[in-house]
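The values are calculated or read from the model by the stated rules, or taken from the named source; none is laboratory data. These numbers come from a predicted model, not from an experiment. Here Cβ is always computed from backbone atoms with ideal geometry, including for glycine, and neighbour counts include all displayed protein chains. Remember, those area values only see protein heavy atoms, side chains included, never the ligands or the DNA or RNA. Shrake-Rupley method; radii C 1.70, N 1.55, O 1.52, S 1.80 Å.
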Amino acid sequence: RSLPFGTLVHVDNRENGHSATVRITDRGPFIHGRIIDVSQIAARELGFSGVTQVCLKILPIPASGPAATD
């Protein structure tokens, strides 16, 4: 709930080794004991439905703005 909107998070399904990169778009989850809810598309890519254990890695936000040229 503390990550800024737009933050990219790499999610690894610990049970089957599938992974996906997701973007934080809301302030859920609103169910005790959950740390992240993912979309149906992300869940399909991760190979699960329902609840499972995952490993999260917050990805760095790339610098925005025009690229420097020499």
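Please calculate how many Å² of accessible area the chain carries per residue, with a 1.4 Å probe and no DNA, RNA or ligand atoms counted.
80
Quick one: pull the percent of accessible area on the chain belonging to carbon and sulfur, 1.4 Å probe, ligands and nucleic acids left out.
Here it works out to 54 percent.
Helix-only estimate, please: 222 nm mean residue ellipticity of the chain, summing -39500 (n - 2.57) across DSSP H runs of length 4 or more and dividing by its residues, to the nearest 500.
That comes out to -2500 deg cm²/dmol.
Please list, by residue number, every one of the trypsin sites (Lys or Arg not before Pro) in the range 1-38 that is coil in DSSP and has at most 12 other beta-carbon atoms within 10 Å.
ARG1, ARG14, ARG27, ARG34
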